[in-house]
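Enquirer: The structure is given below, and queries will be raised subsequently.
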Amino acid sequence: MNETRDVAANKELWFEVGPHTTTSTLDKVFNLPYDAIVVPAELLPKIESVTLPQRVQLAVVCDDVDPQAELLARPALRQKLKYIFTRRPEHLEAWISRRDVTVGLWSNVDDRQSLDRAAELAARGGVLVVQFADPTNIPLELVLARAEPRGTRVLKKVATAEDGEVSLLTMERGSDGIVLRSDEIDEIVRLGGAREQAMTVQYAFEDAVVTKVQHAGMGDRVCVDTTSELFPDEGMLLGSTSSGGLMVCSETHYLPYMNLRPFRVNAGALHLYVWGPDQRAVYLSDLRAGDQVLVFDGKGRGRPVTIGRLKIERRPLLLVQATVRDTPVNVFVQDDWHVRLFGAGAEIRPSSEIRPGDRLLGYVDQPGRHVGLRIRETIKEL
């Protein structure tokens, strides 16, 4: 099985409101992939008149009083409250029983004693935000090591996008998220782009030697329409078995009788697996609007895209069988010239022109799936 690097898992990007944060700054944050805003309790009046987008959650930092009491007079903010953070661990016992919010700890690290305390907090589980006085990420590595056995989510507070970019990838896993405290628009925009970069994956594609091409009669064919623009070097990884698949191109190449569909992959038969984030491979029949799948370029770099629509129609199908090393893989695609696969050199190959002996772009995976997730059991897919 090929090595697969996936660093997308649950990375989050938060923005902390400061005394000088303006409404225009918040508007920029809301139009970038930030998941939450963090507000010190004393600054809650600052955002009372701000309409938070539906996807953006609210986190409040409060050490002296229960912040929910502060929010009772602000029902719109109370409804958005997702997290309460405190620097005082003794508050956890008083606030942990609330079912509608997540209570977390906020820790500043500026010496060995405070680092040991942060590591101890990380070993307790839950959510931890850590701010480091020094630029080195060695203390973050120690906190992450203590956090992993308990599944603690660790977010690092930073003042620059560069610090956030590095921290997302520390120890390969990286922090679970970044809290940015800066009102510099360039920093806010740059970190938003870094989050998208951290969600990419790398698959090791290989040559797949075609062994059989066969007209397969009528079947239900699925077009996967995404909410993103796809590019000529991108497509989706599809296969009849979880052992692997072949790369099917996006509809971004010349069509003589119709306009291009730069959001679409004419994926193939309803039963096929398509590879998605978090090392999932799911049936096309299970996909729904709002789900995410991966699109890859010819070098195996993948990015998640959201499904906007599935278009299922009865069409004649073509079976393309191949082997990657000694592993058989295959796809059933619409039996038509305008459906293309990637050749081994990432060149575009019309499906109707593929012949036994040709080399396509393929991938071998660990076989065995249950509801899209890998499982360890004896399984044969023929």
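Enquirer: How large is log10 I(q)/I(0) at q = 0.07 Å⁻¹ when the Debye formula is applied to the Cα atoms of the chain, each weighted equally and without solvent?
Expert: Debye output, listed in q order: -0.40.
Enquirer: If you don't mind, there's one more thing I want to ask. Can you order the peptides 343-353, 228-238, 149-159, 47-57 by their average number of other Cβ atoms within 10 Å per residue, highest first?
Expert: Working: 343-353: 15.7, 228-238: 20.5, 149-159: 18.8, 47-57: 13.4.
Ranking the peptides 343-353, 228-238, 149-159, 47-57 by packing returns 228-238, 149-159, 343-353, 47-57.
Enquirer: Would you mind estimating how fast the stretch 294-353 diffuses translationally, via Stokes-Einstein at 10 °C and 1.306 mPa s with the Kirkwood radius over Cα pairs, in µm²/s? Intermediate results must be reported in sequence, preceding the final value.
Expert: Working: Rh = 13.6 Å.
Stokes-Einstein gives a translational diffusion coefficient of 117 µm²/s.
Enquirer: Please give every one of the aspartates and glutamates within straight-line cross-link reach of LYS299, meaning a C-alpha to C-alpha distance under 13 Å, and leave out same-chain neighbours fewer than 8 residues apart.
Expert: Here the aspartates and glutamates satisfying the reach criterion relative to LYS299 are GLU206, ASP207, ASP233, GLU234, GLU347.
Enquirer: Which three extents, in whole angstrom, do the alpha-carbon atoms of the stretch 264-319 cover along their principal axes, largest first?
Expert: 31, 25, 18
Enquirer: Based on DSSP, what percent of beta bridges with both residues in the chain are antiparallel, to the nearest 5?
Expert: For the chain, the DSSP antiparallel bridge percentage is about 65.
Enquirer: What whole number of Å gives the distance from the Cα centroid of the stretch 10-29 to the Cα centroid of the stretch 300-354?
Expert: Result: 42 Å between the Cα centres.
Enquirer: Between PRO328, PRO33, PRO89, which gets the highest mean-square fluctuation from a Gaussian network model of the chain, Cα cutoff 10 Å?
Expert: Most flexible of the set in this elastic network: PRO89.
Enquirer: Using just the Cα positions, wrap the stretch 217-294 in a convex hull and report its mean projected area in square nanometres, one decimal place. Don't skip to the end; give the middle numbers.
Expert: Details: hull surface 23.4 nm².
Average projection, Cα convex hull of the stretch 217-294: 5.8 nm².
Enquirer: What's the ranking of 117-123, 292-298 by average number of surrounding C-beta atoms within 10 Å, highest first?
Expert: Working: 117-123: 19.9, 292-298: 21.9.
Sorting 117-123, 292-298 by mean packing, highest first, produces 292-298, 117-123.
Enquirer: Which residue fluctuates most in the GNM of the chain (Cα springs below 10 Å): HIS271, HIS215, HIS20?
Expert: Looking only at HIS271, HIS215, HIS20, the biggest GNM fluctuation is shown by HIS20.
Enquirer: Hey, if we sort THR226, THR22 by accessible area with the 1.4 Å probe, largest down, what's the order? It would help to have the intermediate numbers written out before the result.
Expert: Details: THR226 10, THR22 65 Å².
Highest to lowest solvent-accessible surface, that is THR22, THR226.
Enquirer: Oh, and also: What whole-number value in Å² describes the accessible area per residue of the stretch 186-245 for a 1.4 Å probe?
Expert: Dividing the accessible area of the stretch 186-245 by its residue count gives 39 Å².
Enquirer: Connecting C-alpha atoms closer than 10 Å in a GNM of the chain, tell me which of PRO262, PRO135, PRO356 has the biggest fluctuation.
Expert: Most flexible of the set in this elastic network: PRO135.
Enquirer: For the chain, what does -39500 (n - 2.57) per DSSP helix run (n ≥ 4), summed and divided by total residues, give at 222 nm, in deg cm²/dmol to the nearest 500? Don't skip to the end; give the middle numbers.
Expert: Values: 9 runs with 72 residues, N = 382.
Taken over the chain, the calculation gives -5000 deg cm²/dmol.
The values are calculated or read from the model by the stated rules, or taken from the named source; none is laboratory data. The model shown is predicted, which means the values in this text are computed figures rather than measured ones. Counting neighbours? That spans all protein chains shown, and the Cβs are built from the backbone with ideal geometry, glycine included. In case anyone asks, the SASA skips ligands and DNA or RNA and just uses the protein heavy atoms, side chains included. Shrake-Rupley method; radii C 1.70, N 1.55, O 1.52, S 1.80 Å.
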